[in-house]
């Protein structure tokens with residue numbers, strides 16, 4: 001019961017030329033910029049959270065290659081079902097930064113203008129896997145040439161919905177790509193205590209389809225393997241599970257302290273495998289990146305983020321939206337409850 | 001429009017046939033719904049007519065059925081998913097409460113979830129454990145989810161068509177005790193019964209009797225025993241959202257109320273109905289509202305089941321007690 005392992009760009013930025021995807025300069029720069037943007041977006045979110053300006057937040061620090069590499073393998077028409085740590089995918093898929101901040105500052109109104117085929121964040125672990133399988137299944141029934149990509153963590157592989165989703169996908173051969181961000185910890189629980197399976201990817205074999213492990217900090221590998229899985233899915237080859245072997249450099253969310261459950265030495269080891277640094281050296285070796293470009297880009301991204309934060313912090317959701325979107329048509333009891341709240345609000349204002 | 005005498009199974013089956021013909025995005029999925037035609041034969045004949053892309057025998061996984069149906073529903077299909085027995089509906093609660101019911105809300109209308117879950121429910125058929133329960137309360141408590149329970153073949157067809165056409169998720173409970181209990185005239189062709197609207201089955205002056213599903217028949221039997229009283233029988237038909245108006249208008253007229261349900265008493269639908277009466281018609285009440293319900297115990301196996309369920313005698317006693325208060 002073994003699965004393949006794919007790595008193209010190693011931790012020292014040596015590239016396996018036999019596997020190296022043929023990407024033009026613009027594409028590589030886009031990969032790099034989006035990874036850096038994701039990291040800076042996360043960093044800003046953490047700072048805002050520490051100042052009480054953001055909700056509990058799960059940073060994707062260290063997992064940027066997994067998110068961005070897989071996202072750029074997708075087509076705009078492919079479905080994207082996130083868990084809650086896929087900021088990099090959302091950014092790559094063109095969801096405005098201001099909307100992402102609005103959501104994590106505490107308003108569903110962020111989703112008012114969600115671009116098509118990007119589903120909402122799923123907080124309950126693994127539940128979104130079934131939705132992705134259903135959407136892929138619908139595409140297959142409608143003979144649409146699209147696939148559905150779903151993200152989840154190592155912890156999700158213990159949930160019932162993971163198994164039901166994988167099983168349905170196998171039985172009905174749905175065009176689904178399962179992307180497991182194995183970042184080694186489910187909050188405090190290490191991967192070894194999550195399952196006795198040698199790999200997570202091998203679970204796919206039990207459901208009758210391919211599972212593959214990939215170096216999740218190697219954007220070239222993540223991109224290549226996702227691209228292949230998506231092409232297979234769209235051409236009727238059924239689902240694939242990709243286990244992206246990566247590491248969560250920060251805490252699970254702003255609410256936990258990772259020093260309680262892992263050693264600093266382990267984190268230091270993973271720092272050497274940083275996905276962004278790895279790509280930067282690769283780009284520098286190719287002669288398409290240097291410090292002056294880096295400085296210009298950083299300045300530009302900083303401004304972009306500052307602008308998004310201002311926009312998000314200025315956003316005030318309408319109270320009616322609490323009631324307006326529960327049903328297509330507001331039932332009588334909700335109208336009454338909305339009126340009750342409005343009266344209470346205007347009384348408070350009058351005080 | 002021709003009429004045929006149909007039982008509830010046949011009426012639901014007819015509704016499914018007609019809606020699948022009417023709308024190519026409607027599909028049926030669940031355990032044994034295809035080749036077998038459903039364990040109660042509700043989906044019989046659909047597979048041969050519409051094929052396996054639209055009548056899908058799924059693996060045995062209730063969360064999987066509902067979760068994948070959600071993915072289909074947000075992709076503009078209209079899945080009608082069957083849960084084989086109500087006792088296995090608990091596994092659907094996560095997907096319904098965490099997702100189906102709040103997709104419109106969370107996405108602020110970008111996505112919605114036109115999904116119907118059908119399940120037989122209720123006792124009185126001498127079944128195994130987990131096959132005789134009334135579980136509507138769990139689902140009524142989920143904002144964004146509608147809960148519908150028919151009490152007759154005619155309403156079953158019209159309510160199911162409305163449920164399928166509704167843009168929001170609906171849990172459609174079918175009283176299995178009434179599946180083949182009686183036949184009535186059910187028109188062929190399109191008609192709908194609106195969701196969220198109860199029905200007054202008899203006009204009365206002395207007392208309001210509120211029920212739904214299989215308990216409507218029990219109430220009708222009970223009324224035979226209290227013919228000296230003028231009882232207004234209301235079939236709520238939809239438990240979420242509740243038709244406040246039909247309840248409150250009737251209470252204002254009669255001032256006396258008995259509520260009958262199979263669900264256990266504590267936090268059963270009757271509790272919410274009483275609260276609304278208190279809020280909106282308290283001064284019209286001539287007597288405390290009385291509930292005849294299942295007890296707060298697991299539904300017993302068949303040897304004691306009849307003691308658990310409300311029956312005509314219990315309901316008639318309650319009517320007399322409230323009328324005499």
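The values are calculated or read from the model by the stated rules, or taken from the named source; none is laboratory data. Model, not experiment: these values are computed from the prediction. Neighbour counts are summed over all protein chains in view; Cβ atoms, including those assigned to glycine, are modelled from backbone coordinates with ideal geometry.
In this structure, is residue A:220 part of a loop (DSSP other than H, G, I, E, B), under 21 Å from the mean Cα position of the chain (by Cα) and crowded, with 24+ Cβ neighbours inside 10 Å? Write out each step before concluding.
Values: part of a loop (DSSP other than H, G, I, E, B): no; under 21 Å from the mean Cα position of the chain (by Cα): yes; crowded, with 24+ Cβ neighbours inside 10 Å: yes.
Against the criterion (part of a loop (DSSP other than H, G, I, E, B), under 21 Å from the mean Cα position of the chain (by Cα) and crowded, with 24+ Cβ neighbours inside 10 Å), residue A:220 does not qualify.
Do any helices (runs of 4 or more DSSP H) lying entirely in segment B:1-91 carry at least 2 residues that are surrounded by 15 or more Cβ atoms within 10 Å (Cβ to Cβ) and within 14 Å of chain A (Cβ to nearest Cβ), and which ones are they? Break it down stepwise before answering.
Details: elements: B:8-22, B:46-50, B:62-73.
Correct list: B:62-73.
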> With respect to residue A:171, is the statement that it is surrounded by fewer than 24 Cβ atoms within 10 Å (Cβ to Cβ) and outside any loop (DSSP other than H, G, I, E, B) true?
Replying inline: yes
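For residues in segment A:140-164 being within 7 Å of another protein chain (Cβ to nearest Cβ) and surrounded by 24 or more Cβ atoms within 10 Å (Cβ to Cβ), which is farthest from residue A:236 (Cα to Cα)? Full working, then the answer.
From segment A:140-164, those within 7 Å of another protein chain (Cβ to nearest Cβ) are A:141, A:160-161, A:164; that's our starting set.
Filter once more, so that each one left must be surrounded by 24 or more Cβ atoms within 10 Å (Cβ to Cβ): A:161, A:164.
Numbers: A:161: 24, A:164: 21 Å.
Only one residue fits best here, namely A:161.
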>> Please determine whether any residue of segment A:308-320 is closer than 26 Å to residue A:84 by Cβ, under 22 Å from the mean Cα position of the chain (by Cα) and within 14 Å of chain B (Cβ to nearest Cβ).
In response: no
> Just checking, how many residues over segment A:86-139 are more than 9 Å from chain B (Cβ to nearest Cβ) and assigned to a helix (DSSP H, G or I)?
Replying inline: 15
>> Against the conditions (1) surrounded by 19 or more Cβ atoms within 10 Å (Cβ to Cβ); (2) out of contact with any helix residue (DSSP H, G or I) (no Cβ under 6 Å at 6 or more places or on another chain), where does residue A:5 fall short? Just the number, please.
In response: (1)
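Select, from A:231, A:284, the only residue that is under 19 Å from residue A:15 (Cβ atoms) and at pLDDT 95 or above. Walk me through it before giving the result.
Details: A:231 fails: under 19 Å from residue A:15 (Cβ atoms).
None of the others qualify; the one that does is A:284.
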> Quick check, is residue B:144 under 18 Å from residue B:195 (Cα atoms), assigned to a helix (DSSP H, G or I) and at pLDDT 95 or above?
Replying inline: no
>> Only one of B:150, B:169, B:114 is buried (at least 21 other Cβ atoms within 10 Å of the Cβ), closer than 23 Å to residue B:306 by Cα and assigned by TED's automatic domain parsing to the domain that holds residue B:18. Can you tell me which?
In response: B:150
>> Tell me whether segment B:239-254 contains one or more residues that are farther than 19 Å from residue B:200 by Cβ and crowded, with 16+ Cβ neighbours inside 10 Å.
In response: yes
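On the given criteria, is residue A:223 touching a helix residue (DSSP H, G or I) at 6+ places or on another chain (Cβ under 6 Å) and at pLDDT 95 or above? Talk me through it step by step, then tell me what you get.
Values: touching a helix residue (DSSP H, G or I) at 6+ places or on another chain (Cβ under 6 Å): yes; at pLDDT 95 or above: yes.
Considered against the rule, which asks whether it is touching a helix residue (DSSP H, G or I) at 6+ places or on another chain (Cβ under 6 Å) and at pLDDT 95 or above, residue A:223 comes out as yes.
If you scan segment A:299-332, which residues turn out to be within 18 Å of residue B:145 (Cα to Cα) and surrounded by 14 or more Cβ atoms within 10 Å (Cβ to Cβ)? It would help to see each step written out before you state the result.
Going through segment A:299-332, the residues within 18 Å of residue B:145 (Cα to Cα) turn out to be A:321-332.
Passing the criteria: A:321, A:322, A:323, A:324, A:325, A:326, A:327, A:330, A:331.
Got a sec? Which of A:184, A:202 is more than 27 Å from residue A:281 (Cα to Cα) and at pLDDT 95 or above?
Working: A:184 fails: more than 27 Å from residue A:281 (Cα to Cα).
Among A:184, A:202, only A:202 is more than 27 Å from residue A:281 (Cα to Cα) and at pLDDT 95 or above.
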>> Quick check on residue A:340: is it out of contact with any helix residue (DSSP H, G or I) (no Cβ under 7 Å at 6 or more places or on another chain), exposed (fewer than 11 other Cβ atoms within 10 Å of the Cβ) and either within 14 Å of chain B (Cβ to nearest Cβ) or modelled with pLDDT of 95 or more (or both)?
In response: yes
> Assuming residue A:224 fulfils every condition listed in (1) within 23 Å of residue A:30 (Cα to Cα); (2) without any contact (Cβ under 8 Å) to a residue 12 or more places away in the chain apart from one, which condition is it?
Replying inline: (2)
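If you take the residues of segment B:152-181 that are in a loop (DSSP other than H, G, I, E, B) and more than 12 Å from residue B:120 (Cα to Cα), which of them is farthest from the other protein chains (Cβ to nearest Cβ)? Reasoning before the result, please.
Narrowing segment B:152-181 to residues in a loop (DSSP other than H, G, I, E, B): B:152, B:166-169, B:179-181.
Adding the requirement that they be more than 12 Å from residue B:120 (Cα to Cα) leaves B:152, B:166-169, B:180-181.
Values: B:152: 24, B:166: 8, B:167: 4, B:168: 5, B:169: 10, B:180: 33, B:181: 31 Å.
Across segment B:152-181, the extreme among qualifying residues is B:180.
Take the residues in segment B:92-103 that are assigned to a helix (DSSP H, G or I) and facing chain A (nearest Cβ under 7 Å); name whichever of them is surrounded by the most Cβ atoms within 10 Å (Cβ to Cβ).
So the first thing to find is which residues in segment B:92-103 are assigned to a helix (DSSP H, G or I), and the list is B:92-98, B:100-103.
From the residues that got through so far, the ones that are facing chain A (nearest Cβ under 7 Å) too are B:94-95, B:98.
On the way: B:94: 18, B:95: 28, B:98: 18.
By that ranking, first place goes to B:95.
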>> Looking only at segment A:60-85, filter to residues that are over 19 Å from residue A:135 (Cβ atoms) and in a loop (DSSP other than H, G, I, E, B); which one of those is farthest from the other protein chains (Cβ to nearest Cβ)?
In response: A:62
> Can you name the residue in segment A:129-161 that is more than 19 Å from residue A:229 (Cα to Cα) and in contact (Cβ under 8 Å) with a residue 12 or more places away in the chain and is also farthest from the chain's Cα centre (by Cα) among such residues?
Replying inline: A:160
> Within segment B:104-126, can one find any residue that is more than 27 Å from residue B:11 (Cβ to Cβ) and away from chain A (no Cβ under 14 Å)?
Replying inline: no
> Does residue A:250 satisfy the condition of being on the phi > 0 side of the Ramachandran plot and either assigned by TED's automatic domain parsing to the domain that holds residue A:63 or outside any helix (DSSP H, G or I) (or both)?
Replying inline: no
